[in-house]
Every structure is written in structure tokens, then in C-alpha cells.
Amino acid sequence: MRLYRNEACPVNMYFAHGHRCKAPTPYSKFQFVFISPEKTEATLCPVSVLDWCRMCEYFSNNIFYTDDDVVMPFRVLFEKCTNGSKATPANIADAFAEGVLKHSSQLQNVAPQSRGRPPNSKNNSNK
């Protein structure tokens, strides 16, 4: 929201932090921006931030050879998130390639290692 300090955020943008919704690590270390088509409200996302994070983690950590390898709750979430696309191995790979889903390993490589302010660097040369 820092970009919109002096003006209202457009309704087709929604900001959420993974830590606030108790998302699994590394998703909990990031803020997410959802952008819906213009003239639609982004708060009406088809899946919650927590469900999206869990779905990304599930698809990141499992290999799928057939459509039947995907468990039902994640099939439903995938279809909601992709406007009805079936959770086939090819569609899952396409969703990762297009940025609809994010691999946990991609986020792990860029995740901040600690929260809060950096430690004070006191000069101990006066001893």
C-alpha cells in the first residue's frame, strides 16, 4: 500500500500478507498483490490467500503423472483459481510458468531470513 499513500488504492488491487493469514513458510514472509480485471473488485478473489498459499505449496511438493494424482480439495481450488481449468499435470505446469502459482523453492531463495529491524552494529573498539 506504500505506493498509494496520497490516493485511494484501485478497487481491482488487493494486498495481503502471508504472515497475517498464517500461511506456511516461505509464503508467510511475503506480501501479495492480487490484481483482478479492471472494473471488478479484487477483494472478491476466487480463493483466499491462505488457500492459494497451501495450493502452491501442495503443487510445489508433489509430482503429478495423471489427473487422478491430485487430491480433490486442491483440484477444486485450482479450478477456482484458473477460471475452470482442470488440474492436469500440463495445466499445473502452465500455471507455474505464467505466475498463477509460485513454487515454494522460488520464494525460499528470496525470502528475508529474519523479521523486524536489523541488529544494531555497535562499535566495540573502546574496550
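Can you confirm whether Arg54 is open to solvent by 80 Å² or more (accessible area, probe 1.4 Å) and assigned to a helix (DSSP H, G or I)? In short, yes. Taking residues in the stretch 64-86 that are within 16 Å of Phe96 (Cα to Cα) and of a type in the set (Val, Ile, Thr), and partners anywhere that are modelled with pLDDT under 90 and open to solvent by less than 70 Å² (accessible area, probe 1.4 Å), the pairs with Cβ atoms closer than 8 Å and at least 6 places apart or on different chains are Val70/Phe64; Thr82/Val100.
What helices (runs of 4 or more DSSP H) completely inside the stretch 59-127 contain at least 1 residues that are under 18 Å from the mean Cα position of the chain (by Cα), among the acidic types (Asp, Glu) and at pLDDT 90 or above? Walk me through how you get there before you give the answer.
On the way: elements: 72-81, 89-97, 104-110.
Answer list for the stretch 59-127: 72-81, 89-97.
Of the residues making up the stretch 24-51, those that are free of Cβ contacts under 8 Å to residues at least 40 places away in the same chain and in a helix (DSSP H, G or I) number 7. Restricted to the stretch 57-100, and to residues there that are under 25 Å from Ser36 (Cβ atoms) and of a type in the set (Asp, Glu), the residue that is most open to solvent (accessible area, probe 1.4 Å) is Glu98.
The values are calculated or read from the model by the stated rules, or taken from the named source; none is laboratory data. None of the values given here were measured: they were computed from a predicted structure. We place every Cβ from the backbone using ideal geometry, glycine too, and count neighbours over all the protein chains shown. Surface accessibility is based on the protein's heavy atoms, side chains included, excluding ligands, DNA and RNA. Shrake-Rupley method; radii C 1.70, N 1.55, O 1.52, S 1.80 Å.
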